[in-house]
Amino acid sequence: MNRKILLVLMAAMMLLTQAPAQTTAQENAVGHFTYCPYLAVLYSLYSTSDKSTGANKLQLGFGFETEYRFTKLFGISAGLELANFGVKGHTTISDRYFPSLSIENEYKMKTLSLPLMFNLHPLASNRLSLRMGLQPGWLVKTDSEKLSSGGMCFVLPVGVAVGLSDRVRLELRAQIGTSNLEQRKGYVELYQRTLALNMTYVIR
């Protein structure tokens, strides 16, 4: 009988000691900054206002974000991201002299963007984050003769991040937006749909 009572007391003590531990990660984050460098693997689908379409190969990006937690559930983050993009496609031109003329083209870009994200942390362990925000950016380099640096891009990112451990986080982020890319004459508007897989290291 004494053994049963002892086992019950031990189990109760374990539950009492574990209950606060489950909320420690979320509560301790309130009022503090988190610093997150990350590596991004990006895949994009593009269509443009000059009637060219195409899909790019996998590209790499690098970024850094810092988050400030206002409450256990809510935080805001801001950062910098440098990413490579490229797309090959064709433009179809038709008029009364040339019924159908296909022109091959290629866009290669390097963009610098500022992701501004609103973060929701529904789990006490901080292992799940729901994210959405705004991401303005600029074209800083291009290898294409049709484009020159200085073009503006603007995307709306939505993501889900899962903590693989206390230090490593994996995020799947969808980005939808447009880019006005400066040409020698006029502009080309690039409609961007990107999936990004971010591997993040968390520094608290």
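Looking across region 109-137, just one residue is open to solvent by 60 Å² or more (accessible area, probe 1.4 Å) and charged (D, E, K, R), and that is R127. Assessment of region 161-177 against the conditions (open to solvent by 70 Å² or more (accessible area, probe 1.4 Å), modelled with pLDDT of 90 or more and more than 27 Å from N28 (Cβ to Cβ)) yields no matching residue. Checked against the criteria, G54 does not count as within 15 Å of M117 (Cα to Cα) and either at pLDDT 70 or above or small (G, A, S) (or both). Contact map, region 151-169: residues that are over 10 Å from L128 (Cα atoms) paired with residues that are surrounded by 13 or more Cβ atoms within 10 Å (Cβ to Cβ) and of a type in the set (D, E), Cβ distance under 9 Å, separation 6+ or inter-chain. Pairs shown: G151/E182; M152/E182; G159/E171. Of the strands (runs of 3 or more DSSP E) contained entirely in region 70-153, those carrying at least 3 residues that are closer than 18 Å to Q26 by Cβ and at pLDDT 70 or above fall at 74-93, 116-120, 128-142.
The values are calculated or read from the model by the stated rules, or taken from the named source; none is laboratory data. Remember, predicted model here, so these are calculated numbers, not experimental data. Note that each Cβ is placed from the backbone with ideal geometry, even for glycine, and that neighbours are counted across all protein chains shown. What goes into the accessible areas is simple: the full protein's heavy atoms, side chains included, and nothing from ligands, DNA or RNA. Shrake-Rupley method; radii C 1.70, N 1.55, O 1.52, S 1.80 Å.
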